[in-house]
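The values are calculated or read from the model by the stated rules, or taken from the named source; none is laboratory data. Predicted, not measured: the structure shown is a model, and the values here were computed from it. As a convention, Cβ positions derive from the backbone with ideal geometry for all residues, glycine included, and neighbour counts pool all protein chains shown.
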Number of protein chains: 2
Amino acid sequence: MTRDIPEISLQRLPIYLNYLKSLPEGDKYISSGAIAAALGMGEVLVRKDLAYTSSSGRPKVGYVRTELIAAIEDYLGCNKKKNAILVGVGGLGSALLSYGGFAKYGIDIVEAFDSDPEKIGTSIGGKMISVDSEVASAVQKYGAVLAILAVPASAAQQVCDGLVGSGIKGILNFAPVQLKSPESVVVRNIDVAASLAILASLL
Amino acid sequence: MTRDIPEISLQRLPIYLNYLKSLPEGDKYISSGAIAAALGMGEVLVRKDLAYTSSSGRPKVGYVRTELIAAIEDYLGCNKKKNAILVGVGGLGSALLSYGGFAKYGIDIVEAFDSDPEKIGTSIGGKMISVDSEVASAVQKYGAVLAILAVPASAAQQVCDGLVGSGIKGILNFAPVQLKSPESVVVRNIDVAASLAILASLL
């Protein structure tokens, strides 16, 4: 999928989506001004972001809330089921396996992997934990394109290489290390400690 | 602390720091070109980012690695101890309490809070879990300025209001909801499911 939306606008779409879904069922219309005010953003920015989806506001009344939700969901691919795997069932990996928030984006974590013999064969949140040497066959079996990487920093590059080799196209990396990967693979990082440190340095 | 560094540059400082620390002890010098190549960034960008810290490369040899590490750590305030509290000891909150990665940034999660009577009085990762009505007194007692918010979306705004009222200045919010807070409080969001959905839509 190649689209001309800037990634920064793309990153705001889930924010609009969560907000629109949080409104009472009875709210039929919503204006860009009301969205902007509720989220503390500029109205022009909101209108521009939403214009990337197929949604269009109507003069005076604004957007039909359910249509706008559907348009954003469609744009984000929420209705297209995508399989993901998770590697590294430590504290964070376990928490993510139990987390129900992926489903609303059409993402299913189908299987998890770890190297710890005590974890292998058990399951968390209904997800089986298998030995990490089986990653490649699972990626094939499920047609998984996404991987969550929650292993220690020291193991992350090696696991990343294995994921790339198995055909994974997108990696969400929680290890505090910059991964090397081919350009065809999209890697995004979440470093919780660094995020908190950056936040602290803004105070 | 008000500085003229763009937040996007600030966000890259921990990446440089992690990389520099991962190099062998014996590596005395490192050039901006070598850093750029290792991290897949442009050399001009690297040099510009690092110039915000007090570090300066030397002609031909580059930066003294230990000096550059110290300069970045100083800029990020790693040597200034900061107390943080965590609210919401579910799966994610528990994982963050056990996570040792905050210490290198000088951040100590001093206490955690939850509303579940079964959790109160227990501890995770050596951090005591207290009833959430005690947040304000703990913030005072520890002089905490940072809070990690890991409660369900439905409770997030109310907890946020309490944190703001208690004197917290920076909130790292994991609930998939846009929080309303005074301008004097810095809020940053991490929405793991949305991040994975955005990643998927880039493929």
### Query
When the stretch B:33-65 is examined, which residues are found to be loosely packed, with under 14 Cβ neighbours inside 10 Å and under 27 Å from B:D108 (Cβ atoms)?
B:S54
### Message
Going by what's in this entry, would A:Y99 be described as at pLDDT 95 or above, more than 15 Å from A:I171 (Cα to Cα) and out of contact with any Ser or Thr (no Cβ under 8 Å at 6 or more places or on another chain)?
### Response
no
### Task
Would you mind telling me which numbered condition in (1) assigned to a loop (DSSP other than H, G, I, E, B); (2) in contact with a Gly (Cβ under 9 Å, 6 or more places away or on another chain); (3) within 28 Å of A:V151 (Cα to Cα); (4) of a type outside the set (F, W, Y) B:K80 fails?
(3)
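Could you check the stretch A:78-90 and list, in sequence order, the residues that are facing chain B (nearest Cβ under 8 Å) and surrounded by 18 or more Cβ atoms within 10 Å (Cβ to Cβ)? Don't jump to the end; show me each part of the working.
Initial filter on the stretch A:78-90 (facing chain B (nearest Cβ under 8 Å)): A:78, A:82, A:84, A:90.
Of everything in the stretch A:78-90, those that are facing chain B (nearest Cβ under 8 Å) and surrounded by 18 or more Cβ atoms within 10 Å (Cβ to Cβ) turn out to be A:C78, A:K82, A:A84.
Among the residues of the stretch B:9-52, write down those that are outside any helix (DSSP H, G or I) and either closer than 21 Å to A:I198 by Cα or out of contact with any helix residue (DSSP H, G or I) (no Cβ under 8 Å at 6 or more places or on another chain) (or both).
Taking the stretch B:9-52 and keeping what is outside any helix (DSSP H, G or I), we get B:23-31, B:40-42, B:52.
Listed by number, the residues that qualify are B:P24, B:E25, B:G26, B:S31, B:G40, B:M41, B:Y52.
Residue check: is B:A147 more than 30 Å from B:P24 (Cβ to Cβ), assigned to a strand (DSSP E or B) and either touching a residue at least 60 places away in the same chain (Cβ under 8 Å) or not acidic (D, E) (or both)?
Values: more than 30 Å from B:P24 (Cβ to Cβ): yes; assigned to a strand (DSSP E or B): yes; either touching a residue at least 60 places away in the same chain (Cβ under 8 Å) or not acidic (D, E) (or both): yes.
So B:A147 passes the test.
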## Note on the structure
The number of residues in the stretch B:98-124 that are of a type outside the set (S, T, Y), in a loop (DSSP other than H, G, I, E, B) and within 14 Å of chain A (Cβ to nearest Cβ) is 4
### Message
Looking only at the stretch A:137-185, count every residue that is of a type in the set (A, V, I, L, M, F, W, C), more than 20 Å from A:L97 (Cβ to Cβ) and touching a Gly at 6+ places or on another chain (Cβ under 8 Å) and tell me the total.
### Response
1
#### Entry: Pair list, Cβ < 9 Å and 6+ apart or interchain, from the stretch A:171-191 residues that are at the interface with chain B (Cβ under 9 Å from one of its Cβ atoms) to residues that are of a type in the set (F, W, Y) and surrounded by fewer than 19 Cβ atoms within 10 Å (Cβ to Cβ)
A:V177/B:Y19; A:Q178/B:Y19
